[in-house]
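Working notes, structure below.
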Amino acid sequence: MAIVTESQRSITRSEVHQTITRQSKHLPSIALGVVLLIAVSFTLLTLFALLARIVTQAIPALTEKGTGFLTDTIGSEASKVGIWPGLFGSFGIGLGVLVIAVPLGVGAAIYLEEYAKQNAMTRFIVVNIRNLAGVPAVIYGVLGLIIFVGWLKPVTNGGSVIAAALTLAILVLPIVIITSMEAIRAVPRGLRDAGYGIGASRWEVTRDHVIPYAMPGILTGTVLSLARALGEAAPLIMIGAITGLLPETSLSGKFTAIPMLIFSWSGRPDSGESSVGWSNAAAAAGLVLLVLVLAFNIVGILLRNHFEAKRVGS
């Protein structure tokens with residue numbers, strides 16, 4: 001018969017107490033994990049439900065028109081409608097945002113992080129840039145109407161793709177600056193010191209070390225900014241985008257964009273005489289917009305992976 005001493009009993013009680021204490025400490029972590037899992041699952045289910053709704057509504061319009069839905073001009077019937085003018089306008093706006101907002105935003109971020117003195121004036125500028133990122137889009141539409149459609153009419157020819165690209169570039173410029181600043185700030189200080197240690201100038205260190213290291217984060221911010229620019233409709237309404245018939249497309253003439261078509265078609269009643277209604281056409285236009293944004297995202301992801309692989313390899 002085994003004899004259990006008092007010291008052995010105290011050791012056993014201590015081990016049990018420590019086990020219970022460790023388990024009680026893990027309970028908040030487990031609860032937080034469950035809450036986060038529920039939040040992620042709810043978000044993904046909502047996203048998939050919305051995508052499924054858009055796809056099911058878009059199929060009748062896409063099957064009725066086929067490729068003509070992308071190449072035809074806007075028609076007066078839902079079964080005969082095409083989105084080529086809107087696709088042309090959205091693609092032109094996207095390219096304009098990339099050409100204007102990205103170089104200006106990245107350049108401003110490089111100056112504020114690498115060259116500007118960290119004084120009260122610099123902090124004041126950064127705070128105002130962050131505030132501009134939260135300004136409603138319609139305010140930028142008013143700005144574009146006054147400046148790009150009014151004051152710069154000889155250059156933009158009024159309400160045109162050029163004016164829209166400039167307006168939306170100003171809209172997303174604060175986002176590009178903020179995300180680029182955060183990416184540059186995340187570059188290790190030792191990387192800069194190593195460049196300075198071998199006699200490189202500030203520009204050489206920035207060009208050859210800081211920018212390549214921060215490029216994945218800069219591209220991520222660029223993709224997010226471009227997605228917002230392509231989905232905005234309020235600024236386009238303010239600067240005079242067309243919601244009706246538009247037989248011709250040009251950079252300097254009257255224009256429309258896919259968000260404008262979705263806005264216009266979703267408000268029209270379905271007649272019921274055809275299997276394709278305006279709600280189907282609006283859903284199909286939304287699906288095309290998602291594909292366009294996804295195409296830009298794929299290009300950004302490929303570039304980001306290239307720079308990440310280059311950074312790891314170095």
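Read-outs throughout are calculated quantities, based only on the coordinates presented, and are distinct from any laboratory measurement. These numbers were taken from a predicted model, which means no experiment stands behind them. Counting neighbours? That spans all protein chains shown, and the Cβs are built from the backbone with ideal geometry, glycine included.
Indicate the helices, whole DSSP H runs only, in the chain that combine a mean Kyte-Doolittle hydropathy of 1.0 or more with a Cα extent along their long axis of 24 angstrom or more. Before the final figure, lay out the partial values.
Details: long enough: 6-65 (87 Å, 0.54); 84-110 (38 Å, 1.81); 161-185 (34 Å, 2.16); 211-231 (30 Å, 1.11); 278-313 (52 Å, 1.16).
Answer set is 84-110, 161-185, 211-231, 278-313.
Do the sum for the chain: with -39,500 (n - 2.57) for every DSSP H run of n ≥ 4, divided by all residues, what is the mean residue ellipticity at 222 nm, to the nearest 500 deg cm²/dmol?
It lands at -24000 deg cm²/dmol.
Starting from 0.36 nm per residue, how many nanometres of slack lie between F124 and T71 once their C-alpha separation is accounted for?
Working: separation 53, 0.36 × 53 = 19.08 nm, distance 4.86 nm.
Net length gain for the segment: 14.2 nm.
Does the chain come out rounded, prolate or oblate by the C-alpha gyration tensor, with a ≥ b ≥ c the root eigenvalues, rounded set by a/c under 1.5 and, if not, prolate when a/b is larger than b/c and oblate if not?
Numbers: a/c = 2.75, a/b = 1.43, b/c = 1.93.
Oblate shape, in that a/c is at least 1.5 and b/c is the bigger or equal ratio.
Can you list the lysines whose alpha carbon sits under 26 Å from that of K65, skipping same-chain ones fewer than 8 residues off?
Within the straight-line cut-off, K65 pairs with K80, K254.
Quick one: net charge of A282's neighbours, Cβ under 11 Å, K/R +1, D/E -1?
With Lys, Arg at +1 and Asp, Glu at -1, the net is 0.
Rounded if a/c is under 1.5, else prolate if a/b beats b/c, else oblate: with a ≥ b ≥ c from the C-alpha gyration tensor eigenvalues square-rooted, which is the stretch 186-314? If you can, show how the numbers build up before the last one.
Numbers: a/c = 4.39, a/b = 2.83, b/c = 1.55.
Prolate is the answer for the stretch 186-314, as a/c is 1.5 or above and a/b outweighs b/c.
With the crude spin-label approximation of a point 7 Å out along Cα→Cβ, what separation in nm comes out for Y115 versus R207?
In this crude spin-label approximation the distance works out to 1.3 nm.
Under 12 Å from the Cβ of A163, count the other residues' Cβ atoms, weight Lys and Arg +1, Asp and Glu -1, and hand me the total.
Result for the neighbourhood of A163: +2.
For the pair V138 and Y196, how long in nm is the line joining their label points, each one 7 Å along Cα→Cβ?
Roughly 4.9 nm, to one decimal.
Counting only C-alpha contacts under 8 Å and six or more residues apart, can you give the relative contact order of the chain as a whole percent?
On the way: 392 pairs, mean separation 80.2, N = 314.
For the chain, the relative contact order is 26 percent.
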